């Protein structure tokens, strides 16, 4: 059986990592060992960041809704409970958007659940 040299596949694998390392500084972009470590870490942070973004956005929506319902005589938790009791199914993202862009419409929703 003929001997198989591993050049092509190995180079392909290395080049894939080095392509992802484009834009990094110094050895992190040119040396495979440094680049692979940095790319692996970067991909991990990106994965983690996508989940953290969802958490942060929900916190922002809650804060905005709370700030909008306080002057109307509600707290956030009482307002959300009143929505559930009245079977009003508007998610927090839309409620927060209404609170910021259309305060009168938001006030109408609040008055409907009072």
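Computed from the coordinates by the stated procedures, all read-outs in this text should not be read as laboratory data. Remember, it's a predicted structure, so these values are computed and weren't measured experimentally. Cβ coordinates were reconstructed from backbone atoms using ideal geometry, including for glycine residues, and neighbour counts include every protein chain displayed.
Sort 59-71, 21-33 for me by packing, meaning the mean count of neighbouring Cβ atoms within 10 Å per residue, highest on top.
Working: 59-71: 16.1, 21-33: 12.5.
So the peptides 59-71, 21-33, ranked by packing, come out 59-71, 21-33.
With an 8 Å cut-off on Cα pairs and a minimum separation of 6 or more residues, tell me the relative contact order of the chain in percent. Before the final figure, lay out the partial values.
Values: 65 pairs, mean separation 19.5, N = 114.
Dividing the mean separation by the residue count of the chain yields 17 percent.
Do the sum for the chain: with -39,500 (n - 2.57) for every DSSP H run of n ≥ 4, divided by all residues, what is the mean residue ellipticity at 222 nm, to the nearest 500 deg cm²/dmol? Don't skip to the answer; put the middle values down first.
On the way: 6 runs with 87 residues, N = 114.
Rounded to the nearest 500, it is -25000 deg cm²/dmol.
What order do you get for 88-101, 5-18 when each peptide is scored by the mean count of other beta carbon atoms within 10 Å, highest first?
Values: 88-101: 14.8, 5-18: 11.2.
Sorting 88-101, 5-18 by mean packing, highest first, produces 88-101, 5-18.
Just to compare against my own numbers: the Cα pair-distance distribution for region 7-113, 5 Å bins, whole % per bin, please.
2, 11, 16, 13, 8, 6, 6, 6, 7, 8, 8, 6, 2, 1, 0
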